[in-house]
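Remarks on the structure that follows.
The values are calculated or read from the model by the stated rules, or taken from the named source; none is laboratory data. Every value quoted in this text rests on a predicted model; they were computed, and no experiment measured them. As a convention, Cβ positions derive from the backbone with ideal geometry for all residues, glycine included, and neighbour counts pool all protein chains shown.
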Amino acid sequence: MRAHRLTHRLWIALGLLALLTPLGLWLPQRLKAGDAWGEWGPEQVSRQVGFVPEGMSRSSDRWHAPMPDYAPKGWEKRSLFRLSVAYIGSALIGVAACAALAWALGRWLSRKEKARAA
Amino acid sequence: MHIPDGTLSPATFGAAYAAMVPIWVVAGRKLKKTLTARTVPLLAIGAAFSFVIMMFNVPIPFASTGHATGAPLIAILLGPWAATVAVSVALAVQAFLFQDGGLTTLGANCLNMAVIMPFTSYGVYRLIAGRSDAKSARRVIGAGVAGYVGLNIAAVTTGVMLGLQPLIARAADGRPLYFVYGLKLAVPAMAGEHLALFGFVEAAVTAGALAYLARTEPALVVGASQAAAKKGAA
């Protein structure tokens, strides 16, 4: 019973956090923070040192995620408002995906335990 | 701290994956013993929390951004092995769905943020909190220090991974093939920004959440450490 109430409250807290995530978009943009140190693509590296390292140009775009940078593809130039909406959507999708994956893993691991104990 | 594809040489990301596979196996075995129907939802909430808290980017004006990871808090509340699984799940979702961190580098990112960070934080927390009761200030202080230290150690190991690249992967003309800056720049840069700012963000998240949960859910706060103490006594 108690545990149930606890997880219920924590889920609500996660939902609230998801709604607040645009703060993590606005503040860096406002203060022109750019990318996290070291998390650069070929263009940024080229701007810094004048060339794109060979290995990097071969392997940096191996994977094309469905929502790069927490927005639909091609949304880089959209308004901050739209990007914020996309960011909240990404947060909700990410929360759901993480929870589902960890839940499935946890169920699988704990079920095995019970089968062995029985 | 999310190393993208194309930044680490195959030797480095291969070694990181080679290190992660047995760690994931052991983490799975540990959880198999400790997970119950009650704690599975907490593991799911932990993974989701890690994901969402990493979206709160904190800026250093004109220079960089960083964020808390939630790994220290999860390690304190659910144990370091649960944190390994929860944060690995969050990092995988970030890489696959949102291009945040690479796929080749997922092992390296997990090593830094899902292993080194939570285990460091857990050790620091246990050292400071001891067996004090749930509402003790020692727990809140321990959580804060654990968050700060854990994030910074992981920043340093990330800096080392990055800074090694120009040493081990060069083209015939001597130019670096992957990450371009060496240890002398990468380690101080990574350590500096985390020591100066992001470490305090992780500390505030960890200590704040722990202080709140100690008041509302004391059983959750002493749960993990009591279980560990019992195991030690048995």
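Structure notes:
- Within segment B:54-67, if we keep just the residues that are surrounded by 24 or more Cβ atoms within 10 Å (Cβ to Cβ) and hydrophobic (A, V, I, L, M, F, W, C), the residue that is nearest to the other protein chains (Cβ to nearest Cβ) turns out to be B:M55.
- Some residue of segment B:169-184 being part of a helix (DSSP H, G or I), modelled with pLDDT of 95 or more and touching a Gly at 6+ places or on another chain (Cβ under 9 Å): yes
- Residue in segment B:51-59 that is in contact with a strand residue (DSSP E or B) (Cβ under 7 Å, 6 or more places away or on another chain) and not in a loop (DSSP other than H, G, I, E, B) present: yes
- Within segment A:48-57, tally of residues that are in a helix (DSSP H, G or I) and either within 7 Å of chain B (Cβ to nearest Cβ) or surrounded by 14 or more Cβ atoms within 10 Å (Cβ to Cβ) (or both): 5
Residue-by-condition table, conditions (1) closer than 24 Å to B:I3 by Cα; (2) within 17 Å of the chain's Cα centre (by Cα):
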residue	(1), (2)
A:A13	no, no
A:P42	yes, no
A:V45	yes, no
A:Q48	yes, no
A:R62	yes, no
A:A71	yes, yes
A:L105	no, no
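- Residue in segment B:127-139 that is without any contact (Cβ under 8 Å) to a residue 40 or more places away in the chain and either within 16 Å of B:A108 (Cα to Cα) or in contact with a His (Cβ under 7 Å, 6 or more places away or on another chain) (or both) present: no
- Number of the exception - B:M20 against (1) buried (at least 21 other Cβ atoms within 10 Å of the Cβ); (2) assigned to a helix (DSSP H, G or I); (3) facing chain A (nearest Cβ under 7 Å): (3)
- Flag if A:L17 is surrounded by 13 or more Cβ atoms within 10 Å (Cβ to Cβ) and closer than 30 Å to B:L195 by Cβ: yes
- For segment A:27-47, a residue qualifies if it is in contact with a Pro (Cβ under 8 Å, 6 or more places away or on another chain), more than 7 Å from every other protein chain (Cβ to nearest Cβ) and exposed (fewer than 13 other Cβ atoms within 10 Å of the Cβ), and exactly one does: A:R30.
- If you go through segment B:147-189 and keep only what is touching a residue at least 60 places away in the same chain (Cβ under 8 Å) and either touching a Pro at 6+ places or on another chain (Cβ under 6 Å) or buried (at least 21 other Cβ atoms within 10 Å of the Cβ) (or both), you end up with B:G147, B:G150, B:L151, B:A154, B:A155, B:T158, B:M161, B:L162, B:Q165, B:L177, B:Y178, B:F179.
- Residue among B:L127, B:L77, B:L103 that is closer than 30 Å to A:Q29 by Cα and either within 13 Å of chain A (Cβ to nearest Cβ) or part of a helix (DSSP H, G or I) (or both): B:L103
- In segment B:71-104, the residues that are more than 25 Å from A:G89 (Cβ to Cβ), surrounded by 24 or more Cβ atoms within 10 Å (Cβ to Cβ) and not hydrophobic (A, V, I, L, M, F, W, C): B:P72, B:P80, B:T84, B:T104
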